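Student: Quick one: the structure is below, questions incoming.
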Amino acid sequence: MATNGDDTIEVVPVRHAGRWVGSAVALLFIAMLVHTLFSKVPTGQRACHVVNGIKTCHPIVAWRFGWNVVFHYFGASEILRGLVITLELTVLSMLIGIVLGIFLAIMRLSHSRLLSGAAWSYTWFFRGTPVYVQLLFWGYFAILYPVLTIGLPFLHVTFLHLDANSVFSPFRAAMVALGLNEAAYMSEIARSGLISVDEGQIEAATSLGMTHAQTLRLVILPQAMRVIIPPTGNEVISMLKTTSLAVVVSLTELLGAAANIYGSNYQIMPLLIVASLWYLIATTILSIGQFYVERHFAKGALRTPPPTPMQRLSEDLKGIGSKFRTRRGASESGVRP
Amino acid sequence: MTTTPMVEAIGVCKSYAGVEVLKGVSLTVNRGEVTCLIGPSGSGKSTLLRCINHLEKHDAGKLLVDGNLVGYELRNGRMYERNDKQICSERSQIGMVFQRFNLFQHLTVLENVIIGQVKVKGVAADKATARARELLTRVGLEAKEKNYPSQLSGGQQQRVAIARALAMDPKLMLFDEPTSALDPELVGEVLDVMKDLAKSGMTMIVVTHEMGFAREVADTLYFLDRGVIEESGDPRSVLSAPKSERLRNFLSKVL
């Protein structure tokens, strides 16, 4: 065994042939992908110009993926307006989904058979029918109930008449449809969080004299959040993309705005890329937000909370510094007998 | 000074799904006394303790704390079930310490001791904080107030749990095997806090397997087996001269 003066072992690492072959293949595919993404193709048109009475012609080439068109429409006002509607719809329907979902989860865990049965049936129905159908249902709700009345049930006492068509604007119809559908999924996520909290926590809260509501609000929910957040982050990202279905209730969100543009100029692929890029940017920002929310609710669950990316970066920088220091230190100690 | 005992149980029964856990248990705990309950697992010790602060409902018999029926009210010769608010207020006057500590994991040590005072008793935040610090000093953990429970040893967590219960100014403290989940070298620190508490005149009911503690601190010892009290009396005489075969058997296993 070869050793340095300071007893560290000098090792010849094992060569992994398979890893090298795999890497080479992957590199080849990446190169092909980049090449085709940024390739140019002839458009079939020719550009001719006359110089000194001689006419010369050459074929016109253009980006296969129309990057110039992508660039042109990336910040277009129609696209940005669509993006704002997509974001608003995502936030509002998720809010409805989360609040209603938590209520449903609490109902589901209730001792009352009727309450837990009602919550179960809700999830069964809204999870069991396509969200596309639910969007159409709320979009055409006014056919079922042209006039909405607010009053006392069964007593023919009414306070307010509303025109259903104006209440269920495309945006509100999409918001209600997506929110109610999301609640079904969120209720299961919230329920898994609630039942993950140790029974001893509930007993301790009860023995202090807390009411059911206090126990739920002060002890169970804050600890359930740790389990609820990661899948909820998933749901938010999923919702962001599901909002594109709102096109069926004639809501011009991000994808709808892109479709409107390619409907008139036939640049389908570049505009789909524009929309996709915005979806990617939004999901990236949401993922970063999720990291910090998770960290907040992990309080007390871990002995040492995970470092933030900034902390990790500064640790890495310090690590590089200390590596240099130890290397110098090692060589010094190596001199010692 | 009233002479009603702090806790009086008369023929208390309790079954779970047809299995009788308590078969008519009677005991009396006087004010300022320490009572120890010993017995094999499944004998009903913990169930009796949990009935006293109504974490469990007893099925038959009479259970009185401070002269009042637990969970019920007697009016015109009929028993009325108390509503949640009354039961919560009863419970807030009885401190309970659990085998597995059950500290609130998402709150710091200090917040654990404050939350009951503020949310249940309605004490102002600054007063509650001062009281919490005083109690943490009493259990020797004033330096740990900013830590989360997961960062403490079992013994430290149990001392915080005692402080959390004391913060409610209880008239009665219930301990459900408070040292059974601890490493042997940590048992002493928790027992010391409990001895201190006993000296200060707190009425305590302790379910325990620590015979040394029972012998030294308890005023009365009850031996439960299969849902009935087999033997009771002064701990020194009961432990040194057990009359029943069952207690002799039990003691030969634990001592």
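The values are calculated or read from the model by the stated rules, or taken from the named source; none is laboratory data. Keep in mind it's a predicted model, so treat the numbers as computed, not measured. Cβ: placed from backbone, ideal geometry, glycine included. Neighbour counts: every protein chain shown. The accessibility values were calculated without ligands, DNA or RNA, using every heavy atom of the protein model including side chains. Shrake-Rupley method; radii C 1.70, N 1.55, O 1.52, S 1.80 Å.
Student: Would you mind stating whether A:L272 is under 20 Å from the mean Cα position of the chain (by Cα) and within 30 Å of A:F171 (Cα to Cα)? Even if it seems obvious, please write down each step before you answer.
Tutor: Numbers: under 20 Å from the mean Cα position of the chain (by Cα): yes; within 30 Å of A:F171 (Cα to Cα): yes.
In short, yes.
Student: Still on this model: Exactly one condition in (1) more than 10 Å from chain A (Cβ to nearest Cβ); (2) in a helix (DSSP H, G or I) is false for B:K57; which is it?
Tutor: (2)
Student: Then there is this: Any idea how many residues of region B:29-43 are within 25 Å of B:S180 (Cα to Cα) and either free of Cβ contacts under 8 Å to residues at least 24 places away in the same chain or not in a strand (DSSP E or B) (or both)?
Tutor: Residues meeting the conditions: 7.
Student: Now a separate question. Go through region B:228-245 and give me each residue that's outside any loop (DSSP other than H, G, I, E, B) and either farther than 13 Å from B:E216 by Cβ or open to solvent by 70 Å² or more (accessible area, probe 1.4 Å) (or both). Steps first, please.
Tutor: If we filter region B:228-245 for residues that are outside any loop (DSSP other than H, G, I, E, B), which is where we start, we get B:228-233, B:235-240, B:245.
B:V228, B:I229, B:E230, B:E231, B:S232, B:G233, B:R236, B:S237, B:V238, B:S240, B:E245, listed by residue number.
Student: Taking into account only those residues within region A:193-219 that are within 7 Å of another protein chain (Cβ to nearest Cβ), in a helix (DSSP H, G or I) and open to solvent by less than 20 Å² (accessible area, probe 1.4 Å), which is nearest to B:R50 (Cα to Cα)?
Tutor: Once the filter is applied, the top-ranked residue is A:S207.
Student: Would you tally the residues in region A:128-157 being open to solvent by 80 Å² or more (accessible area, probe 1.4 Å) and in contact (Cβ under 8 Å) with a residue 60 or more places away in the chain?
Tutor: 1
Conditions (1) loosely packed, with under 11 Cβ neighbours inside 10 Å; (2) at pLDDT 90 or above; (3) on the phi > 0 side of the Ramachandran plot; (4) not in a loop (DSSP other than H, G, I, E, B), marked per residue:
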{"site": "A:I281", "(1), (2), (3), (4)": "no, yes, no, yes"}
{"site": "A:Q290", "(1), (2), (3), (4)": "no, no, no, yes"}
{"site": "A:P307", "(1), (2), (3), (4)": "no, no, no, no"}
{"site": "A:A330", "(1), (2), (3), (4)": "no, no, no, yes"}
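Student: Now a separate question. May I ask you to list the residues in region B:199-221 that are open to solvent by 20 Å² or more (accessible area, probe 1.4 Å) and touching a residue at least 12 places away in the same chain (Cβ under 8 Å)?
Tutor: Result: B:G201, B:M202, B:H209, B:E210, B:R215, B:E216, B:V217, B:D219, B:T220.
Student: Looking at region B:87-120 only, could you name the residues that are open to solvent by less than 20 Å² (accessible area, probe 1.4 Å), within 7 Å of chain A (Cβ to nearest Cβ), part of a helix (DSSP H, G or I) and closer than 16 Å to B:R50 by Cβ?
Tutor: B:C88
Student: Go through region A:220-254 and give me each residue that's of a type in the set (D, E) and part of a helix (DSSP H, G or I). Full working, then the answer.
Tutor: Step one: list which residues in region A:220-254 are of a type in the set (D, E), which gives A:235, A:253.
If the condition is that a residue be of a type in the set (D, E) and part of a helix (DSSP H, G or I), then A:E235 is the only one that fits.
Student: Further question: Within the group B:L172, B:L152, which residue is within 22 Å of A:T211 (Cα to Cα) and within 14 Å of another protein chain (Cβ to nearest Cβ)?
Tutor: After ruling out the rest, the residue left standing is B:L172.
Student: Going through region B:121-155 one residue at a time, which ones are under 22 Å from the mean Cα position of the chain (by Cα), closer than 25 Å to A:A301 by Cβ and not in a helix (DSSP H, G or I)?
Tutor: Passing the criteria: B:V139, B:L141, B:S153.
Student: Taking the residues in region B:64-86 that are within 14 Å of chain A (Cβ to nearest Cβ) and in a loop (DSSP other than H, G, I, E, B) as candidates, determine which candidate is nearest to B:T208 (Cα to Cα).
Tutor: Filtering first and then ranking leaves B:V70.
Student: Since B:T3 meets every condition but one in (1) open to solvent by 40 Å² or more (accessible area, probe 1.4 Å); (2) in contact with a Phe, Trp or Tyr (Cβ under 6 Å, 6 or more places away or on another chain), which condition does it not meet?
Tutor: The number of the failed condition is (2).
Student: Another question about this same structure. Which pairs do you get when a residue that is on the phi < 0 side of the Ramachandran plot, found in region A:174-187, comes within reach of a residue that is charged (D, E, K, R) and in a helix (DSSP H, G or I), reach meaning Cβ atoms under 7 angstrom, with the pair 6+ apart or on two chains?
Tutor: Between residues of region A:174-187 that are on the phi < 0 side of the Ramachandran plot and residues that are charged (D, E, K, R) and in a helix (DSSP H, G or I), the close pairs are A:E182/A:E235; A:A184/A:R127; A:Y185/A:R127; A:Y185/A:E235; A:M186/A:E235; A:S187/A:R108.
Student: Report every pair of residues separated by at least 6 positions or lying on different chains whose Cβ atoms are under 7 Å apart, first residue within region B:69-93 and on the phi > 0 side of the Ramachandran plot, second at pLDDT 85 or above and in a loop (DSSP other than H, G, I, E, B).
Tutor: Taking only residues 6 or more apart or on different chains, the pairs are B:G71/B:H54; B:G71/B:K57; B:G71/B:R82.
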